[in-house]
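Chemist: Here you go, one structure.
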Amino acid sequence: MKPQPAISTTQRFTFKGNRKDTRYGWLRLTPAYSMHLVSELLDEHVQQGDNVLDPFCGTGTTALACAERGINCDTIDINPFLIWLTNAKTHSYTKSEIAAFKAASMHVAKAIRDEEQQTRWLPPLYQIEKWWEESVLLALGRAMHRIKKLEATTYSNAVDLLKIAFCRLAIEQANVSFGHQSMSFKKAEEPQTFDFRFSQIDSMAAHWEGSIASIAVAATSLTLVQPEVSLCDARSLTSNLDANFYSCVITSPPYPNRMSYIRELRPYMYWLGYLQTQREAGELDWQAIGGTWGCATSNVGKWQLPSDTDIPYRGFNEILAGVAERSPLLSRYIHKYFYDMVQHCREIFAVVKPGGAVNYIIGNSKFYDVMLPAQEIYAAMFESCGFEQTEIRTIRKRTSKKELFEFVVSARKPSSMAKKKAVMP
Ligand SMILES: C[S@@+](CC[C@H](N)C(=O)[O-])C[C@H]1O[C@@H](n2cnc3c(N)ncnc32)[C@H](O)[C@@H]1O
């Protein structure tokens, strides 16, 4: 066997291992995990013929790794844009679709360069001028106008690839940086004293052409099976999925760290028509577990704990009380997050088959001076739903604060539920 090039810990576990020139790196999502980590978990736990589930699909890392190995995989997410992206990343493209994609991309390149063209399509993104400098925005608007026209005449799968290339271009050209755990606007630069527009448009067109070439190469690699990708809420899996079916779950749920997916995904979602208003963005993040964007935060403030659920972790109330001393809102956020996750754990127990295993990648958090040991709370939630052989493995130290780590929390559904019941007092 050829020796594999060494990879760093960050590449092994985080989105940084998902190379841009492969399908895994087609679009970046900071909280995505690495295909290397999924590969290791598949090697350890999954055989041909098994059915894998990822109930928090995100950018589809689990689904793609399974598709490449010919392993059946179902995946769900609450965000329709991520469903679209995962379908596009895991599709087996035909030669004609790739040829159509390349041919159509030339029309878009022409539109980017054609500064005389007045027809353009711009999304209703709030304060769009903060995202892109005017000449860049107009070029993006011309490109999207052209892509929309191409939708009528080109294979829809080829148009999907154009849209991925478009999202890459839009984010590369945006005034944003990814320094911290998620995206923020770059500091305003000194005003330019002379006009760079022409070179900038040329450079945009060159970026576009580079992306097209790289996406086309990655798209020619065939996936062996198409995963089933559906829009669904992880708190009500049984409404969509079969009970007692999955032999293995590999996933990374949202972390209880106030990270908003909508915040990072909104430029793509507005450009591709998945969002029209700020209200919609907040509502979607409110549906997501742990969401904080727009009205999601004010709704958390009004949220009342339903009386039917306790969080099965000794010490949970003390954690809530400790955080509440500094921020009652944050304490309620943590409570709602774990309330939602208890609903999810009950559902995941129902869809995993007897003897099947779950593997959750999760990070702990710290609010003020209070530690939130999310990994231990997950283990306790799994046990209280009926899972056994619970195990917590530390996989890496995160770079943000010294106490923050990432873990794999694993557990197994008893192989014989009847036997299990018989031994219970
Ligand atoms: C940490 S990300 C998953 C990242 C993924 N492993 C990847 O590699 O891209 C968590 C995902 O959970 C999704 N999510 C949040 N709440 C959900 C819910 N109630 N039902 C289903 N998905 C949800 C979010 O939209 C987000 O895509």
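The values are calculated or read from the model by the stated rules, or taken from the named source; none is laboratory data. Just so you know, these numbers come straight off a predicted model, no measurement behind them. Using ideal geometry, Cβ is built from the backbone for each residue, glycine included, and neighbour counts are taken over all protein chains shown. Heads up: the accessible areas ignore ligands, DNA and RNA and are worked out on the full protein's heavy atoms, side chains in. Shrake-Rupley method; radii C 1.70, N 1.55, O 1.52, S 1.80 Å.
Chemist: Take every DSSP beta bridge with both residues inside the chain and express the antiparallel ones as a percent of the total, to the nearest 5.
Modeler: 55
Chemist: Starting from the Cα of Lys353, draw a straight line to each of the aspartates and glutamates and keep only those under 19 Å, dropping any in the same chain fewer than 8 residues away.
Modeler: Cα-Cα hits under 19 Å: Glu44, Asp50, Asp54, Asp74, Glu228, Asp242, Glu383, Glu388, Glu391.
Chemist: Could you give me the ³J(HN,Hα) list for region 57-70, computed from phi with Karplus coefficients 6.51, -1.76, 1.60 and θ = phi - 60°, whole Hz, x at Gly and Pro?
Modeler: Each residue's phi maps through the Karplus curve to give 4, x, 7, x, 4, 4, 4, 5, 4, 5, 4, 5, 8, x Hz.
Chemist: Going by alpha carbons, how many degrees (0 to 90, nearest 10) lie between the helix axis of 134-150 and the longest principal axis of the chain?
Modeler: 80
Chemist: Please report, in debye to the nearest 20, how large the charge dipole of the chain is about its Cα centre when each Lys and Arg carries +1 at its beta carbon and each Asp and Glu carries -1 there.
Modeler: It comes to approximately 400 debye.
Chemist: Around Pro123, under 14 Å between beta carbons, what's the net of Lys plus Arg minus Asp minus Glu among the other residues?
Modeler: So the environment of Pro123 carries a net charge of +4.
Chemist: Any idea what angle helix 95-113 forms with the longest principal axis of the chain, computed on alpha-carbon atoms, 0 to 90 degrees, nearest 10?
Modeler: Once rounded, the angle reads 60 degrees.
Chemist: Based on DSSP H runs of at least 4 residues, each adding -39500 (n - 2.57), what is the mean residue ellipticity at 222 nm of the chain after dividing by all its residues, to the nearest 500 deg cm²/dmol?
Modeler: So the helix-based figure for the chain works out to -15000 deg cm²/dmol.
Chemist: Near the amide H of Arg396, under 5 Å away, which other amide H atoms are found, from residues 5 or more places off or on another chain, if H is placed in the peptide plane?
Modeler: Distant-sequence amide H within range of Arg396: Glu406.
Chemist: A further question follows. What is the magnitude of the charge dipole of region 95-220 about its Cα centre, with +1 placed on the Cβ of each Lys and Arg, -1 on the Cβ of each Asp and Glu, and no other charges, expressed in debye to the nearest 20?
Modeler: 420
Chemist: Summing +1 for each Lys or Arg and -1 for each Asp or Glu, what net charge is found among the other residues whose Cβ lies under 14 Å from the Cβ of Gln343?
Modeler: -2
Chemist: At what distance in nm do the modelled label points of Ser298 and Glu133 sit from each other, each positioned 7 Å from its Cα along Cα→Cβ?
Modeler: My value for the distance between the label points is 3.6 nm.
Chemist: Hey, can you grab everything whose amide H is under 5 Å from the amide H of Val249? Only 5+ residues off in sequence or another chain; H modelled, so Pro and N-termini drop out.
Modeler: Leu53, Ala357, Val358, Asn359
Chemist: Which angle between 0 and 90 degrees, to the nearest 10, do you get for helix 316-326 versus the longest principal axis of the chain when only C-alpha atoms count?
Modeler: Once rounded, one gets 50 degrees.
Chemist: What are the ³J(HN,Hα) couplings of region 216-225, residue after residue, when phi is run through the Karplus curve with 6.51, -1.76, 1.60 and θ = phi - 60°? Round to Hz, x for glycine and proline.
Modeler: 4, 5, 5, 5, 6, 6, 7, 8, 8, 9
Chemist: Still on this structure: Quick check: net charge around Ala205, other residues with Cβ under 9 Å of its Cβ, Lys/Arg +1 and Asp/Glu -1?
Modeler: Result for the neighbourhood of Ala205: 0.
Chemist: Moving on. How much of the accessible area of the chain, probe 1.4 Å, is carbon plus sulfur, in whole percent? The partial results should precede the final answer.
Modeler: Details: 10190 of 19640 Å².
On the chain, the fraction of accessible area on carbon and sulfur atoms equals 52 percent.
Chemist: For region 34-89, build the charge dipole from Cβ charges (+1 Lys, Arg; -1 Asp, Glu) around the Cα centre, then report which of Ile71, Val38, Gly60 sits farthest towards its positive end.
Modeler: Going by the charge dipole, the pick is Gly60.
Chemist: State which entries of Lys336/Lys366; Lys186/Lys336; Lys186/Lys397; Lys130/Lys163 exceed 25 angstrom in Cα-Cα distance in the structure shown.
Modeler: In this structure, Lys186/Lys336; Lys186/Lys397 exceed 25 Å between Cα atoms.
Chemist: Based on the alpha-carbon gyration tensor of the chain, what equivalent-ellipsoid semi-axes (square roots of 5 times the eigenvalues) come out, in whole Å, largest first?
Modeler: 39, 26, 19
Chemist: May I pose another question? Could you point to the residue in Leu305, Ser92, Thr10 farthest towards the positive end of the chain's charge dipole, with +1 and -1 charges on the Cβ of Lys/Arg and Asp/Glu respectively?
Modeler: It is Thr10, whose Cα lies furthest towards the positive end.
Chemist: Give me the one-decimal nm value for the distance between modelled label points at Arg120 and Leu231, 7 Å along each residue's Cα-to-Cβ direction.
Modeler: Modelled inter-label distance: 2.9 nm.
Chemist: Let me ask something else. Which distance in nm do the two modelled labels at Met371 and Ser92 give, with both placed 7 Å along the Cα-to-Cβ direction?
Modeler: 4.9
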